[in-house]
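The values are calculated or read from the model by the stated rules, or taken from the named source; none is laboratory data. For clarity, every value in this text was computed on a predicted model and none was experimentally measured. All Cβ positions, even for glycine, are placed from backbone atoms using ideal geometry, and neighbour counts span all protein chains on display. Heavy atoms of the whole protein, side chains included, go into the accessibility calculation; ligands, DNA and RNA do not. Shrake-Rupley method; radii C 1.70, N 1.55, O 1.52, S 1.80 Å.
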Number of protein chains: 2
Amino acid sequence: MTTGDGAQTKFLLDESEMPTQWYNVIADLPTPPPPPLHPGTHEPVGPDDLAPLFPIALIEQEVTGERYVDIPGGVLDVYRLWRPSPLYRAHRLERLLDTPAKIFYKYEGVSPAGSHKPNTSVPQAYYNHQEGIRKLTTETGAGQWGTALAFAAAQYGIECEIWQVAASYRAKPHRRTMMEIYGATLHSSPSEVTEYGRSLLAANPEHTGSLGIAISEAVAMAAADPGTRYALGSVLNHVLLHQTIIGEEALLQLAQAGETPDLLVGCTGGGSNFGGLAFPFLREKLAGRIDPTIRCVEPAACPSLTKGEYRYDFGDTGGLTPLLKMHTLGHGFIPEPIHAGGLRYHGMAPLVSHVHDQGLVEAVAIPQRECFAAALQFARSEGIVPAPEPTHALAAAIREALACKEAGESKVIVTALCGHGHLDLAAYEQYLSGEMVDYELPDAEIAAAMADVPVLA
Amino acid sequence: MTTGDGAQTKFLLDESEMPTQWYNVIADLPTPPPPPLHPGTHEPVGPDDLAPLFPIALIEQEVTGERYVDIPGGVLDVYRLWRPSPLYRAHRLERLLDTPAKIFYKYEGVSPAGSHKPNTSVPQAYYNHQEGIRKLTTETGAGQWGTALAFAAAQYGIECEIWQVAASYRAKPHRRTMMEIYGATLHSSPSEVTEYGRSLLAANPEHTGSLGIAISEAVAMAAADPGTRYALGSVLNHVLLHQTIIGEEALLQLAQAGETPDLLVGCTGGGSNFGGLAFPFLREKLAGRIDPTIRCVEPAACPSLTKGEYRYDFGDTGGLTPLLKMHTLGHGFIPEPIHAGGLRYHGMAPLVSHVHDQGLVEAVAIPQRECFAAALQFARSEGIVPAPEPTHALAAAIREALACKEAGESKVIVTALCGHGHLDLAAYEQYLSGEMVDYELPDAEIAAAMADVPVLA
């Protein structure tokens, strides 16, 4: 596998070269995305509606039309713990596949929390701290987001209270420990702490929870206390804004490598990792400077972009959040437990849904065993054991690289390896033992969940 | 905690600046270390004695007097997957401790296997592959070394068979999965595969194993097959040689930071992480260019340097290996299960033992709860969750930083953070829940284990 050819593997940037602005793709889109609506009035929500949940600075970022937003010094300081993150050329994977394609991956697993999530948890904790907030609440499923927020809260000395989906809370004690190391308080969701949680437990004491339910609980707790705010790890505009530092760095690093991308491919759950990588490239594409295909990859078990409807739906199961125009499987949707790893959210970020609706990006769904097969090929060649989420992007990158081999094309493929899988090894064990099965979400189940989605006038 | 002051956090080197030679401290020592002896004749062992176990290139490195050894291109290629590793200035930990000391840590957890071990597993796999070997055997305790060798073997397409201490094999299924992801074959040790293992299981079917027993099994399997060799993850000269890339890089990075070390502190189990960091600094110290104190830190539960005797003993429990002059607790020593994490080996690298005996380095033992308290301070300030092993070095660094605060001294403290703790979270859970206890190895137990150590004429 190794040739001693001395080829450059990592494209690095100095701390002094780290981007100092986030990029807001809305400024460059042909049409703006539809606004969020108040769940009661169905009118566009204003800053006042969001103020009980988010600090002013983040509400401003949620609605801004400015092309660039400065990253505060107090955020850049913490980013420097791991950023700029490396861009790798996957020489060894290319050799394994015997492909003429050039594969690059931007690796976000170097963050202390092990994923791309701290790119937004850090500024969210920063702005809340600036505005005198003393506690943040949030939900977590697979645990990546909870870990990221716990880490960020510790950096600014604020409290962090996390509702973890009961199924994960029981199955992944190590994730819980990781969050507790950072000083966070954990609840299994549904919990006895909120009225909504109590009502669900009363109906079913063994309830395994869902991301949408955990969001409802965390939102309710934040809304009830003026010193507490809520933090969301994906979906919203300001979250995707913060993640664009991934794509901004990758552009600089690809220029360093002297390459122009033909294909960008990122996994999509809520959409923040994908948006973070893709939007700066989309800016360059819209400006006519590059022309890559941009592809979302989602699990066949939770196919919001490829099978969900593009319409207004709640962000949570309890119906507490504003209505968001997004690709959705219905806010009551709960993914099958046989689907390993994250990417389990019923909806897709309004911004990603919008650019997909505008035909600026495409989407594909891949079954999980193909993803884990790709992960093993990747780990045995490139060394890094990926989180289950980015294995979807790797599987799609490998599909393309093999098509390149067939066609004799030397495409430049860029993907985001958004996290390592050190805390997801149970899923690998399932795959290695042959116990993992594929699952494609049936249309009838989607139709059933969509029946509860409000119909707007 | 964060000030927005923009202070540089990471000191990085380009791939082009990566050292291309390992450093052999023996060339600069006032006296050479005593040679290994044949277990039967008690005469110094020659290359022929070692040939059934190791490839010629590594045997040559084991006994070489050359000051520098070139790193082959086929090794540098794989090193580039994570090297050069970053040197961090621990601004946030310093602020937390309110100390005038400057703390730097060299972070080896960026390797795919998550520790410093691939620095030697990669060249070991490389040289074996070069000499036509098709399989490597080894032992692993906490799992760091097994993971590193499995990763390296996958890089060169050779097989890897690992004997994992039974207690770890049962308690740490995720470690096993990590090695299997890289394609390795695992055995619980003692195993039914070797005669020695079968004899131990016959006496006690529930035997929990030890590192020394697992070494005996892996050595026996390698010796029995001409296409198989054995790989050791610490202790031997060639292993410490490979690890010196840590210290060579750290010297360049400290120069970049414009600092001169007053104290170097590293944890010691078998001694490879410590030697890797310290020996290049020791060269500079012996040459009179710098004058740092160099300090080993070991667990109070396995205190080979501070309480063991410096004499010839076997490297394994079964008495198959050459006799090594080293600090030892007796080759029959098995550490208490209440000691979490690695650093459980009965002996200390002959080279580290020798420089300690010569008064060139000092040693201290620290109980584990102080180490985990230090780990929490570190994780909540610097973000990275350390492996249990380097928490010993962190605890010692914090002791010194607090002494600096007391004395108003601004010492420069350099330590090696030799791995992350993502696969050691059960130990953190034990600490956080208050269940972890300290354990100091009683003198009587050492005396009992030492009674079996051979007395040489």
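The listed residues are B:PRO367, B:PRO386, B:PRO322, B:PRO390, and the only one of them that is in contact with a His (Cβ under 7 Å, 6 or more places away or on another chain) and more than 19 Å from B:GLU139 (Cβ to Cβ) turns out to be B:PRO386.
Check whether at least one residue in region B:191-198 is open to solvent by less than 10 Å² (accessible area, probe 1.4 Å), in a helix (DSSP H, G or I) and touching a residue at least 12 places away in the same chain (Cβ under 8 Å), and report yes or no.
Yes, region B:191-198 contains a residue that is open to solvent by less than 10 Å² (accessible area, probe 1.4 Å), in a helix (DSSP H, G or I) and touching a residue at least 12 places away in the same chain (Cβ under 8 Å).
Please go through region A:316-347 and pick out each residue that is in a loop (DSSP other than H, G, I, E, B), among the hydrophobic types (A, V, I, L, M, F, W, C) and open to solvent by less than 10 Å² (accessible area, probe 1.4 Å).
At the first step, the residues of region A:316-347 found to be in a loop (DSSP other than H, G, I, E, B) are A:316-322, A:329-346.
If we keep only those that are among the hydrophobic types (A, V, I, L, M, F, W, C) too, we end up with A:320, A:329, A:333-334, A:338, A:340, A:343.
Answer for region A:316-347, where residues must be in a loop (DSSP other than H, G, I, E, B), among the hydrophobic types (A, V, I, L, M, F, W, C) and open to solvent by less than 10 Å² (accessible area, probe 1.4 Å): just A:LEU329.
Could you go through region B:50-63 and let me know if any residue there is away from chain A (no Cβ under 14 Å), touching a Leu at 6+ places or on another chain (Cβ under 7 Å) and either assigned to a loop (DSSP other than H, G, I, E, B) or more than 30 Å from B:LEU254 (Cβ to Cβ) (or both). Yes, region B:50-63 contains a residue that is away from chain A (no Cβ under 14 Å), touching a Leu at 6+ places or on another chain (Cβ under 7 Å) and either assigned to a loop (DSSP other than H, G, I, E, B) or more than 30 Å from B:LEU254 (Cβ to Cβ) (or both). Residues in region A:246-262 that are out of contact with any helix residue (DSSP H, G or I) (no Cβ under 6 Å at 6 or more places or on another chain), in contact (Cβ under 8 Å) with a residue 40 or more places away in the chain and part of a helix (DSSP H, G or I): A:GLU249, A:ALA250, A:LEU252, A:GLN253, A:LEU254, A:GLN256, A:ALA257.
Summed over region B:173-190, the residues that are in a strand (DSSP E or B) and surrounded by fewer than 23 Cβ atoms within 10 Å (Cβ to Cβ) give a count of 4. Looking at region B:143-172, which of its residues are under 19 Å from B:VAL122 (Cα atoms), within 20 Å of the chain's Cα centre (by Cα) and not in a strand (DSSP E or B)? Scanning region B:143-172 gives B:GLY143, B:GLN144, B:TRP145, B:GLY146, B:THR147, B:ALA148, B:LEU149, B:ALA150, B:PHE151, B:ALA152, B:ALA153.
For the residues B:TYR23, B:TYR79, the requirement of being among the aromatic types (Phe, Trp, Tyr), surrounded by 21 or more Cβ atoms within 10 Å (Cβ to Cβ) and more than 10 Å from chain A (Cβ to nearest Cβ) singles out B:TYR23. Within the set A:THR228, A:THR260, the sole residue that is crowded, with 20+ Cβ neighbours inside 10 Å, more than 26 Å from A:GLY341 (Cβ to Cβ) and more than 23 Å from the chain's Cα centre (by Cα) turns out to be A:THR228.
As a summary of the residue check, B:PRO205 satisfies the conditions (1) touching a residue at least 24 places away in the same chain (Cβ under 8 Å); (2) away from chain A (no Cβ under 14 Å); (3) of a type outside the set (Gly, Ala, Ser) except for the one numbered (1). Only one entry of A:VAL110, A:VAL165 meets the criterion of being at the interface with another protein chain (Cβ under 10 Å from one of its Cβ atoms), open to solvent by 10 Å² or more (accessible area, probe 1.4 Å) and in contact (Cβ under 8 Å) with a residue 24 or more places away in the chain, and that entry is A:VAL110.
In this entry, B:VAL414 passes the filter for residues that are in contact with a helix residue (DSSP H, G or I) (Cβ under 9 Å, 6 or more places away or on another chain), in contact (Cβ under 8 Å) with a residue 24 or more places away in the chain and open to solvent by less than 20 Å² (accessible area, probe 1.4 Å).
Return yes when A:VAL352 is modelled with pLDDT of 95 or more, part of a helix (DSSP H, G or I) and away from every other protein chain (no Cβ under 14 Å) and no when it is not. Spelling it out, A:VAL352 is indeed modelled with pLDDT of 95 or more, part of a helix (DSSP H, G or I) and away from every other protein chain (no Cβ under 14 Å). Considering (1) open to solvent by less than 20 Å² (accessible area, probe 1.4 Å); (2) in a helix (DSSP H, G or I), the lone condition that B:CYS302 does not fulfil carries the number (2). Of all the residues in region B:422-433, those that are open to solvent by 60 Å² or more (accessible area, probe 1.4 Å) and either of a type in the set (Phe, Trp, Tyr) or in a loop (DSSP other than H, G, I, E, B) (or both) number 1.
State yes or no: is A:LEU360 outside any loop (DSSP other than H, G, I, E, B) and open to solvent by 10 Å² or more (accessible area, probe 1.4 Å)? No; evaluated as a whole, the condition is false for this residue.
If the condition is being more than 12 Å from chain A (Cβ to nearest Cβ) and in contact with a strand residue (DSSP E or B) (Cβ under 7 Å, 6 or more places away or on another chain), then region B:418-453 contributes B:CYS418, B:MET450, B:VAL453. Scanning for something surrounded by fewer than 24 Cβ atoms within 10 Å (Cβ to Cβ), within 30 Å of B:PHE11 (Cα to Cα) and more than 10 Å from every other protein chain (Cβ to nearest Cβ), does region A:137-157 turn up at least one residue? There is no residue in region A:137-157 that is surrounded by fewer than 24 Cβ atoms within 10 Å (Cβ to Cβ), within 30 Å of B:PHE11 (Cα to Cα) and more than 10 Å from every other protein chain (Cβ to nearest Cβ). Among the residues here, A:PRO33 qualifies as assigned to a loop (DSSP other than H, G, I, E, B), touching a His at 6+ places or on another chain (Cβ under 7 Å) and away from chain B (no Cβ under 14 Å). None of A:ALA403, A:ALA396, A:ALA374 is part of a helix (DSSP H, G or I), among the hydrophobic types (A, V, I, L, M, F, W, C) and within 14 Å of chain B (Cβ to nearest Cβ) except A:ALA374.
Residues that are at pLDDT 95 or above and exposed (fewer than 15 other Cβ atoms within 10 Å of the Cβ) within region B:45-64 comprise just one, B:ILE56.
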